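Peer 1: Sharing a structure here in structure tokens format.
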Amino acid sequence: MNGDAEECLGASCVPRTERELDRAMLDKTLELAELGRPGARPNPVVGAVLAMPDGTIIATGHHVQRGAAHAERALLEDIVDQVPGDATLYVSLEPCSHHGKTPPCTDIIIERGVTRVVYASGDANPDTAGVGPAKLAAAGIVVERGPTSVERRALQQNAGFHSVHLRGRPYVTAKWAMTTNGRFATGDAERRWISGPESREFVHYLRAGSGAVACGIGTVLADDPQLTVRGPLADRTPVQPARVVYDRSLRIPLDSALVRTAREVPVIVVCSHDASPEAELMLAATGVEVWRAPECGPGDPCIGASSLAMLAERGINDVLLEAGPTLLDAFMEAELVDSLYAFIAPIDAPASEPGLDLDHPLVRAALEQSAQPSGDDAMYHAVLQPAWTFPGATGD
């Protein structure tokens, strides 16, 4: 894309580059983007690299947290000298051209004399998609987008951001720990957790990157969870994720850890339309938000689908579903699980304990992947709904 294409908007107007150097530099932007994972939400994570044609990197940047400078602006503001005329600016997401909490990135790119920009993936927001590249091209800057393989990884990196704009709901990642025979509890009163410390630490990383952590009332009654980011990542997480509880009949105890901390970290309880008004008033008095789903029959998945749209309206792009087998199965049946992490501990449990059969679709999807060691556990990660398959994600 160049100045002759200023009337063209959208990714289809931007040529792809297949140069190995461009691919390597875009890979670097994706690595840098991850540094902003705990703080950037609900903004997408973005990384930027300014490099010479021989691969020499002049400067790097990433979006640290919401309200801070975007990756391109952070990079260019740190450069005191003139930007070399043959340098290329690489960005993991197309540069923005709108005023938000920070000025448009396109303005400083033009002002600093950048002559070539290569980005990995487009903007999913229909109000702004393609506008930034078009503005740069109109200013005489050469604009290209990355190879398809890099674009797909970039889209998946910000799957929640793209999901909200292209599907109207957050990206849902299911997470669970189980024994080798598929049980979600050990039956051993002395053992609090199934998974080991390494797996539990990784779950805090997943929480830190999520706008909400969700569970069912069964998990609350059995485990009394906090669902917060704790440990080393807590200090790097400016805003704790909201806690969401699926509780049709408002059975959540007033003395549960979630209710007692609702004024510190938001708690949203999703219930049926006919749940007890008295229970709602008591929960509201503690700071809990009660959201009544539209009328639906017993077992109907509309509670899950409608609640996800509600969460998207609240600026939540990613939901980590830390649920038991009942809620996991309900989300799976409603086709609302987009990706998963399963942690399998090297122990068995009595068959009477709750769990999922090893031939359950979610378990099968996990076990079809290669196991990654997580302490003594085996971690399985599967992407069921890749972001690049969302309608309009690539523009091709």
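Peer 1: For the stretch 177-206, which residues satisfy the criterion of being assigned to a loop (DSSP other than H, G, I, E, B), farther than 14 Å from residue 378 by Cα and not hydroxyl-bearing (Ser, Thr, Tyr)?
Peer 2: Residues of the stretch 177-206 that are assigned to a loop (DSSP other than H, G, I, E, B), as a first pass: 179-182, 184-196.
Add one more test, that the residue is farther than 14 Å from residue 378 by Cα, and what stays is 184-193.
Scanning the stretch 177-206 gives 184, 185, 187, 188, 189, 190, 191, 192, 193.
Peer 1: Being within 15 Å of the chain's Cα centre (by Cα) and open to solvent by 70 Å² or more (accessible area, probe 1.4 Å) is the filter here; which residues of the stretch 216-249 pass it?
Peer 2: Residue satisfying the conditions is 239 alone.
Peer 1: For the stretch 204-215, which positions are over 13 Å from the mean Cα position of the chain (by Cα) and crowded, with 21+ Cβ neighbours inside 10 Å? Steps first, answer last, please.
Peer 2: Applying the first criterion (over 13 Å from the mean Cα position of the chain (by Cα)) to the stretch 204-215 yields 204, 214-215.
Result: 214, 215.
Peer 1: From (1) of a type outside the set (Val, Ile, Thr); (2) in contact with a Leu (Cβ under 8 Å, 6 or more places away or on another chain); (3) at pLDDT below 90, pick out the condition that doesn't hold for residue 55.
Peer 2: With respect to (1) of a type outside the set (Val, Ile, Thr); (2) in contact with a Leu (Cβ under 8 Å, 6 or more places away or on another chain); (3) at pLDDT below 90, residue 55 is out only on (3).
Peer 1: (1) surrounded by 16 or more Cβ atoms within 10 Å (Cβ to Cβ); (2) outside any helix (DSSP H, G or I); (3) touching a residue at least 60 places away in the same chain (Cβ under 8 Å): which one isn't true of residue 290, the others all being true?
Peer 2: Unmet for residue 290, out of (1) surrounded by 16 or more Cβ atoms within 10 Å (Cβ to Cβ); (2) outside any helix (DSSP H, G or I); (3) touching a residue at least 60 places away in the same chain (Cβ under 8 Å): (3).
Peer 1: Tell me whether the stretch 309-324 contains one or more residues that are open to solvent by 30 Å² or more (accessible area, probe 1.4 Å), more than 27 Å from the chain's Cα centre (by Cα), among the charged types (D, E, K, R) and within 30 Å of residue 179 (Cα to Cα). Spell out how you get there, then give the answer.
Peer 2: First pass over the stretch 309-324, keeping only residues open to solvent by 30 Å² or more (accessible area, probe 1.4 Å): 309, 313-315, 318.
Pick out the ones that are also more than 27 Å from the chain's Cα centre (by Cα) and you get none.
No, there is no match, as no residue in the stretch 309-324 is open to solvent by 30 Å² or more (accessible area, probe 1.4 Å), more than 27 Å from the chain's Cα centre (by Cα), among the charged types (D, E, K, R) and within 30 Å of residue 179 (Cα to Cα).
Peer 1: Against the condition farther than 16 Å from residue 117 by Cα, charged (D, E, K, R) and surrounded by 24 or more Cβ atoms within 10 Å (Cβ to Cβ), how does residue 41 come out, does it pass? Can you show your working first?
Peer 2: Values: farther than 16 Å from residue 117 by Cα: yes; charged (D, E, K, R): yes; surrounded by 24 or more Cβ atoms within 10 Å (Cβ to Cβ): yes.
It is true that residue 41 is farther than 16 Å from residue 117 by Cα, charged (D, E, K, R) and surrounded by 24 or more Cβ atoms within 10 Å (Cβ to Cβ).
Peer 1: Using beta carbons and a limit of 6 Å, which pairs, at least six apart or on different chains, have the first residue in the stretch 255-266 and more than 10 Å from residue 240 (Cβ to Cβ) and open to solvent by less than 10 Å² (accessible area, probe 1.4 Å) and the second one aliphatic (A, V, I, L, M) and outside any loop (DSSP other than H, G, I, E, B)?
Peer 2: 256/220; 258/267
Peer 1: Which condition number does residue 172 fail, the rest of (1) open to solvent by 20 Å² or more (accessible area, probe 1.4 Å); (2) within 12 Å of the chain's Cα centre (by Cα) being met?
Peer 2: Here residue 172 clears every test but (1).
Peer 1: Please determine whether any residue of the stretch 133-142 is surrounded by 19 or more Cβ atoms within 10 Å (Cβ to Cβ) and out of contact with any Gly (no Cβ under 9 Å at 6 or more places or on another chain). Write out each step before concluding.
Peer 2: Step one: of the stretch 133-142, the residues surrounded by 19 or more Cβ atoms within 10 Å (Cβ to Cβ) are 133-137, 141.
With the extra rule that they be out of contact with any Gly (no Cβ under 9 Å at 6 or more places or on another chain), the set shrinks to 135-136.
There is at least one residue in the stretch 133-142 that is surrounded by 19 or more Cβ atoms within 10 Å (Cβ to Cβ) and out of contact with any Gly (no Cβ under 9 Å at 6 or more places or on another chain).
Peer 1: Against the definition (modelled with pLDDT under 95 and within 28 Å of the chain's Cα centre (by Cα)), how does residue 23 come out, yes or no?
Peer 2: No.
Peer 1: Hey, could you check the stretch 178-203 for residues that are of a type in the set (A, V, I, L, M, F, W, C) and more than 27 Å from the chain's Cα centre (by Cα) and say which is least open to solvent (accessible area, probe 1.4 Å)?
Peer 2: Step one: of the stretch 178-203, the residues of a type in the set (A, V, I, L, M, F, W, C) are 178, 184-185, 189, 193-194, 202-203.
Restricting the remaining residues to those that are more than 27 Å from the chain's Cα centre (by Cα) gives 185, 189.
Values: 185: 30, 189: 102 Å².
Per the stated criteria, the residue is 185.
Peer 1: Same structure, new question: If I filter the stretch 71-90 for residues that are open to solvent by less than 50 Å² (accessible area, probe 1.4 Å), in contact with a helix residue (DSSP H, G or I) (Cβ under 8 Å, 6 or more places away or on another chain), polar (S, T, N, Q) and in a loop (DSSP other than H, G, I, E, B), do I get at least one hit? Break it down into steps so the answer makes sense when it comes.
Peer 2: To start, the set of residues in the stretch 71-90 that are open to solvent by less than 50 Å² (accessible area, probe 1.4 Å) comprises 71-76, 79, 83-84, 87-90.
When the remaining residues are screened for being in contact with a helix residue (DSSP H, G or I) (Cβ under 8 Å, 6 or more places away or on another chain), the result is 71-73, 76, 83, 88-90.
Subsequent filtering for residues that are polar (S, T, N, Q) retains 88.
Imposing the further condition that a residue be in a loop (DSSP other than H, G, I, E, B) reduces the set to none.
Among the residues of the stretch 71-90, not one is open to solvent by less than 50 Å² (accessible area, probe 1.4 Å), in contact with a helix residue (DSSP H, G or I) (Cβ under 8 Å, 6 or more places away or on another chain), polar (S, T, N, Q) and in a loop (DSSP other than H, G, I, E, B), which makes the answer no.
Residues checked against (1) open to solvent by 30 Å² or more (accessible area, probe 1.4 Å); (2) without any contact (Cβ under 8 Å) to a residue 24 or more places away in the chain; (3) polar (S, T, N, Q):
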{"site": "326", "(1), (2), (3)": "yes, no, yes"}
{"site": "340", "(1), (2), (3)": "no, no, no"}
{"site": "354", "(1), (2), (3)": "yes, no, no"}
{"site": "366", "(1), (2), (3)": "no, no, no"}
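Peer 1: Same structure, new question: In the stretch 328-338, which residues are part of a loop (DSSP other than H, G, I, E, B) and either among the charged types (D, E, K, R) or open to solvent by 60 Å² or more (accessible area, probe 1.4 Å) (or both)?
Peer 2: First, pick out the residues of the stretch 328-338 that are part of a loop (DSSP other than H, G, I, E, B): 334-338.
Across the stretch 328-338, the qualifying residues are 335, 338.
Peer 1: Given the criteria assigned to a loop (DSSP other than H, G, I, E, B), surrounded by 24 or more Cβ atoms within 10 Å (Cβ to Cβ) and either touching a helix residue (DSSP H, G or I) at 6+ places or on another chain (Cβ under 6 Å) or in contact (Cβ under 8 Å) with a residue 40 or more places away in the chain (or both), does residue 95 qualify?
Peer 2: Yes.
Peer 1: To continue, here is another question. For residue 129, which of the numbered conditions (1) under 20 Å from the mean Cα position of the chain (by Cα); (2) aliphatic (A, V, I, L, M); (3) crowded, with 22+ Cβ neighbours inside 10 Å fails to hold?
Peer 2: The single condition residue 129 does not satisfy is (3).
Peer 1: Something else now. Considering each of 68, 74, 40 in turn, give the residue that is closer than 20 Å to residue 110 by Cβ and not β-branched (Val, Ile, Thr). First the steps, then the outcome.
Peer 2: Working: 68 fails: closer than 20 Å to residue 110 by Cβ; 40 fails: closer than 20 Å to residue 110 by Cβ.
Selected residue: 74, the only one of 68, 74, 40 that is closer than 20 Å to residue 110 by Cβ and not β-branched (Val, Ile, Thr).
The values are calculated or read from the model by the stated rules, or taken from the named source; none is laboratory data. Because the structure is predicted, anything quoted here is derived from the model rather than measured. Note that we place each Cβ from the backbone using ideal geometry, even for glycine, and neighbour counts take in every protein chain shown. Side chains are part of the model used for accessible areas, which takes the heavy atoms of the whole protein and leaves out ligands, DNA and RNA. Shrake-Rupley method; radii C 1.70, N 1.55, O 1.52, S 1.80 Å.
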